[in-house]
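Have a look at the structure below, then the notes.
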Amino acid sequence: MFRRLLVVCLAGAFLATTPACGGTDKPTKSAKDKKKKKSDKRSLLAQARDEAENGETDDADEAYAAAYEADPEFDILEERVDFLIHAGRVSRAQDVAKEYYDKKATDPQGYRLYAETLLAGNKGQEALEIADQLISLNEDDPIGYEKRGRALLILEKNQEGVDALRKAVQLDTKNATFHMALGSALHKLGEINEAALEFRAALKNAPDDAEAHVLLGMALRDQNELDESRQYLDKALELDKNSGRAYYELGILLNRQGKQADAEVALSKAVQKSPNESRFWYTYGEIFRVQERFEEAITAYRKAVDLEPPYGKAIAKLGLLLVERKQFDEAETFLISSIRKDTRNPVNYLHLGAVYAAKKKYRLAIENFQKFLDLAPKNDPDRSRARDAINELKRR
């Protein structure tokens, strides 16, 4: 028996660098390393979360990266990417997700994560391509259809987007996120009653989800059920006191009720809680603009424009305010920069035409008003204004 045991031990010595025999109770080196790595991971994750909470974005990003290096669990990577998106570092989030996507060609998680970062950056076409790749891996993957639907909506292919989101819901009827995505798409298309039904379905499956309460509150507001809307928005804030979206939708509700001072307070909290949401800053600017507090409006619009991705309507409103305030040099610089980023937005050409007209650069003014006419929809109310401006400038 001893000889047999000795043979087994000697054979094992050729197969492993650490002896498996000898009766020792000491952990192997690999076990020690794993224990240390787990300890490092926990410490680094705690550090990353603390720095994220304190607004130390770069330091938090580095700590998340180190935690993932210590123990490459996908949950750490996912948390890091989500942090970067909400910290306004969408491009950085895309780079991090793409690195995993490139390395793990058969892992659906990489496709899902990368697609989400592209959606966060409003890169509809790229997100659509990744979503289609995800579906090709598994044609019954509901997440693939959810990503595809949202990408199509960014590309203004609204009915196709809704169809894809319906497919996601059909494949997983109990997923609250899919119901919320479909409801949001229907709300965008003006199908408010159907949107509300989807949000109620989301709440049925996730009764303590703050976002579902926010979205149902939004839909009820647009159904003119203002008291019930307020109840759901208040419940959302009870569930998540840091929900910038809840304060945002509440601000719109209060504005609709004519409670401007209260609306301003709610929107100020929205941008405090979610300082990287460009849409919130735009609406905050609108509150100031209607009160003719133009400098404060300009400040809020600038924030909406500077964030990633910028909010399109804020670009137009900031250009308009700069023109109306006769800050023509600044308006010219801003509008030219905006046109370079988006050559298909007609409103920028309209405002730039007004700038050049005021600066007596008539040829450039005519060119920009004409560009507006080339791009603007046929029913745009500013078309007649642009045509009148061109005729007047040609007479000078």
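Each reported figure results from applying straightforward, stated rules to the coordinates on display, with no laboratory input. Source: prediction; values computed, not measured. In this analysis, Cβ positions are derived from the backbone assuming ideal geometry, glycine residues included, and neighbour counts consider all displayed protein chains.
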Q. Add -39500 (n - 2.57) for each DSSP H run of 4 or more in the chain, then divide by its residues: what number comes out at 222 nm, to the nearest 500 deg cm²/dmol?
A. -25000 deg cm²/dmol
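On a 31 Å Cα-Cα criterion, which of the cross-link pairs 41/174; 167/241; 147/313 come out too long?
Correct reply: 41/174; 167/241.
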Q. How far is it, in nm, from the label point at residue 39 to the one at residue 265 when both lie 7 Å from their Cα along the line to the Cβ?
A. 5.1 nm
Q) Helix 312-324 versus the longest principal axis of the chain: what is the Cα-based angle in degrees, 0 to 90, to the nearest 10? A) 40 degrees
Q. Measuring from centroid to centroid over Cα atoms, what is the spacing of segment 94-142 and segment 159-180 in Å?
A. 18 Å
**Q.** Net lengthening on full extension, residue 59/residue 234 (0.36 nm per residue, minus Cα-Cα)
**A.** 59.5 nm
Q: Note down the relative contact order for the chain as a percent, whole number, built from C-alpha pairs under 8 angstrom at least six residues apart.
A: 6 percent
Q: Select from 389, 355, 335 the residue farthest towards the positive end of the dipole of segment 326-396; place +1 on Cβ of Lys and Arg, -1 on Cβ of Asp and Glu, and compute about the Cα centre.
A: 389
Q: Can you tell me which of 315-322, 152-159 comes out highest on packing, and rank the rest after it, using the mean Cβ neighbours within 10 Å?
A: 315-322, 152-159
Q: Obtain the nm distance between the two label points defined at residue 326 and residue 160 by a simple spin-label model: each point lies 7 Å from its Cα along the Cα-to-C-beta direction.
A: 5.0 nm
Q) Taking the Cα atoms only, what angle lies between the long axis of helix 29-53 and the longest principal axis of the chain, rounded to 10 degrees? A) 20 degrees
Q) In the neighborhood of residue 388, defined by Cβ-to-Cβ distances under 12 Å, what is the net charge if each Lys or Arg adds +1 and each Asp or Glu adds -1? A) +3
Q) In sequence order, what are the phi-derived ³J(HN,Hα) couplings for segment 263-272 according to the Karplus relation 6.51 cos²θ - 1.76 cosθ + 1.60 with θ = phi - 60°, rounded to whole Hz, with x for glycine and proline? A) 4, 4, 5, 5, 6, 5, 5, 4, 6, 5
Q: Can you spot the aspartates and glutamates whose alpha carbon is less than 15 Å from residue 371's alpha carbon? Ignore those fewer than 8 places along the same chain.
A: 342, 380, 382, 388
Q. Which whole-Hz ³J(HN,Hα) couplings does segment 376-392 yield from phi under the Karplus relation 6.51 cos²θ - 1.76 cosθ + 1.60, θ = phi - 60°, glycine and proline marked x?
A. 6, x, 4, 9, 5, x, 7, 4, 5, 4, 5, 5, 4, 5, 4, 4, 5
Q. Where the only charges are on Cβ atoms (+1 Lys, Arg; -1 Asp, Glu), what is the dipole of segment 275-322 about its Cα centre, to the nearest 20 debye?
A. 100 debye
